[in-house]
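Input: a single structure, listed below in structure tokens.
Laboratory data are not the source of any read-out in this text; all were calculated from the coordinates shown. Nothing here was measured: the structure is a model prediction, and the numbers come from that model. Neighbour counts run over all protein chains shown; Cβ positions are idealised from the backbone, glycine included.
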Amino acid sequence: MKLVRFLLFLLCLALEPAFAGIGEGVSASLQTETASPLDHTGSFTATITLDLQPGWHTYWANPGDSGLPPKVVWHLPPGWTASPLEFSIPSLFKEPGDMTIYGYEHSSSLRATITPPKGTPEEEILRTELKASLTWLACKELCVPGSTDLSVLIGNHGKRAFHNDPWPEKGEPPFPVHQSFKKDSYYLSFEGSSGAVYQLYPSPLPEASDGPVHQSAEEFSLPPSMVMAAGTAISILQPWNGTTAFRGLLVETIGPLKKAWWIRGHPTQPTHQKENFPSLLILVSALVSGFLGGMILNLMPCVLPVISLKIFGFIAQAGESPGRILRHGLTFATGIFVWFLGLGFLVIMIKAGGAQVTWGAFQFQNSYFVTGLSFLVFLFALNLLGVFEITLPGAASNKLDQIASSSASGSSYASSFFQGLFATLLATPCTAPFLGSALGFAFGQSPIIILAMFTAVALGMSAPYLILSARPGWRQWIPKPGAWMERLKQFMAFPLLATNLWLLWVLQNQRGGDAALILSALFLIIGFCAWALGALSASSWNSAWLIRILILLVAACSMFLGSVRIAAMSLAPKMTTAGDGIGWIPYSPQSLERLRDDGKPVFLDFTASWCLTCQFNERTAIDVPAVRKLMKERGITAMKGDWTNSDPEITDALRSFGRVGVPLALFYPSGKGSSPVILPELLTEKIVLEALGK
């Protein structure tokens, strides 16, 4: 990786003269800002702005794992001086190969203080033409070096539209910061602001400089920091050699608003063991949040259909021995653990590939996953209704018949295991209280912490079943098994069919009405195939097994071809509520920024069709008469971030609030620069009205 960065550095230096004056994806401008009158030194600020076309990015003073920072050469009259460059606040993002980049999208700014010789008349300063040569590296699919010559008349104030790129603050952070050095690491801890996300950008620059210095390509490689958060308690660990003074930019992000402060530290003796406790406390707090979030997942509407099946299973087991019931509970919990740990390994692999990781979205935004889950739910419901059972000729038949016929009643360990898998399968689109912040913390950490977090969530979700199966007194209020159980088993199919209606609606919102129609036709084919298998289960035909294989092939081919056809369809347009409902406008960072610049109040709801918690919030707490009336009276703009399909802008917005999933509801009160109010995951009408009344 370091060799690649070094070759990129040499290549860009070699190509720079050939691309003089060329800057694909970038346009640059120079402006000056002078006081009236000038102060006694005659100094003024010169700002260079790079406007970037969509998809392009440039780099900060420390570009990270690849890239080059911009360079400025000032062409000043004799005796004039320029201060080191100051960069606007950067952002962190990923490039292919899991490379961490510090840079800019949309726009970036550089500025310096220009000082003429002492005693230079103000009239002469204002008549001087300021000139500068700028070079940069901009990247999209390919990286293109660019350069240009800029000039501006210092006294020309015809254009005063300075960019709003945020700059680092001049003073110290408004909160106490504890710093220490360990072996090869710099440690930072503090109590941050509520709802804020923090990131530390290590700077390769010396203590006395705010601008770029000449470095070797090897010095560009400064590993990214590891941020751990438990509420407002923040701990940051930055790899550092411990022999030189540390300098980094601490960035605070609250929604689209950014602030930053320079942090400087000097090597000290390694900290004692007890000084490591804050980071351990944060980790333990995050794991406890994951455990509580896992428990609350059992109450989410996504999981309720399968939970009802498990309760039915407890009823069916009421007459069995306590030891067997406990083993069923352990088997059910094993299914939960297997699924969650599998998700943990999947998250680690996706992160290693350089992609962004989110909770629920990376499954339910995939049409193959939604259609496959629909098939599974539909077949499970048909099995509960007794439409079919799986049988095979020979010795295996009895065993598989036993497993299949007991899938609802829970009388087999395989059934309990797959019910645990099924429950977590439906749980993934939900973000329960405590769970969103816990996973937001975990997804940015090491593989060990990611696996520990998923283990905590699995333990929390399985804990009620383990307790219920191990508690001897639970049978006192569980009904005794009887003939009524067959009817109850059939009844349990209807919550699953209702789940299928929801999945059908999700697919319609993702891929349009034609996709939902195709899936409905596939249900008809699969239903017929399942009925045919059931009709043949008691057949004595010698060739019945050949017909079964043919039916299975028809069903499998139909599901495969239908899934491919649905995935090939175009994404459905984002929909907003019309008529008497809230008049939503689609979310975009630009629209939100314009509304915030105008000082207008904004209610922003990040949601998705596959998130039942989101739909519950909207229908019971947001799009209700009292809220609609208050929004109209106060002139509140309703903005919806629809995450049903993948949207990088919404993903970035969620990550800026430390979230990896939906729902997330925010309210920006009136007034330019007001901080957003972050609402809880589960909403009530009262909570929304109180937030909008602020």
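Rounded if a/c is under 1.5, else prolate if a/b is larger than b/c, else oblate: which is segment 42-164, with a ≥ b ≥ c the root eigenvalues of its Cα gyration tensor?
On the way: a/c = 2.66, a/b = 2.33, b/c = 1.14.
Prolate shape, in that a/c is at least 1.5 and a/b is the bigger ratio.
Just grab the label-to-label distance for Val624 and Ser83, each label 7 Å out from Cα along the Cβ direction, in nm (one decimal).
The two pseudo-label positions are separated by 5.4 nm.
Please list 584-594, 492-502 highest first by mean number of surrounding beta-carbon atoms within 10 Å per residue. Before the final figure, lay out the partial values.
Working: 584-594: 15.5, 492-502: 18.4.
Averaged packing, sorted descending, gives the order 492-502, 584-594.
In the neighborhood of Leu683, defined by Cβ-to-Cβ distances under 14 Å, what is the net charge if each Lys or Arg adds +1 and each Asp or Glu adds -1? Present the calculation step by step, with values, prior to reporting the outcome.
Details: positive: Arg619, Lys686; negative: Asp605, Glu618, Asp623, Glu681, Glu685, Glu690.
Local net charge: -4.
Rounded if a/c is under 1.5, else prolate if a/b beats b/c, else oblate: with a ≥ b ≥ c from the C-alpha gyration tensor eigenvalues square-rooted, which is segment 106-175?
Numbers: a/c = 2.23, a/b = 1.29, b/c = 1.73.
Verdict is oblate for segment 106-175.
Could you list Leu517, Leu297, Leu188 so that the one with the fewest beta carbons within 10 Å of its beta carbon is first and the one with the most is last? Can you show the working numbers first?
Values: Leu517 12, Leu297 25, Leu188 22.
Arranged by neighbour count, lowest to highest, Leu517, Leu297, Leu188 become Leu517, Leu188, Leu297.
Past the 24 Å Cα-Cα mark, which pairs from Lys131/Lys170; Lys259/Lys672; Lys259/Lys629? Don't skip to the answer; put the middle values down first.
Details: Lys131/Lys170 27 Å; Lys259/Lys672 15 Å; Lys259/Lys629 35 Å.
As for pairs spanning more than 24 Å Cα to Cα, those are Lys131/Lys170; Lys259/Lys629.
Structure shown: which of Lys94/Lys140; Lys258/Lys686; Lys640/Lys686 lie over 23 Å apart, alpha-carbon to alpha-carbon? Kindly include the intermediate steps, with their values, before the conclusion.
Details: Lys94/Lys140 12 Å; Lys258/Lys686 30 Å; Lys640/Lys686 20 Å.
In this structure, Lys258/Lys686 exceed 23 Å between Cα atoms.
Quick one: length gained pulling Glu123 to Leu153 fully straight, 0.36 nm per residue minus the C-alpha distance?
Values: separation 30, 0.36 × 30 = 10.80 nm, distance 1.20 nm.
Result for the pair: 9.6 nm of gain on full extension.
With θ set to phi - 60° and the Karplus curve 6.51 cos²θ - 1.76 cosθ + 1.60, what are the ³J(HN,Hα) couplings of segment 675-689 in order, to the nearest whole Hz, using x for Gly and Pro?
For segment 675-689, the Karplus-derived couplings read 7, x, 9, 8, 8, x, 5, 9, 10, 10, 4, 5, 4, 5, 5 Hz, x marking Gly and Pro.
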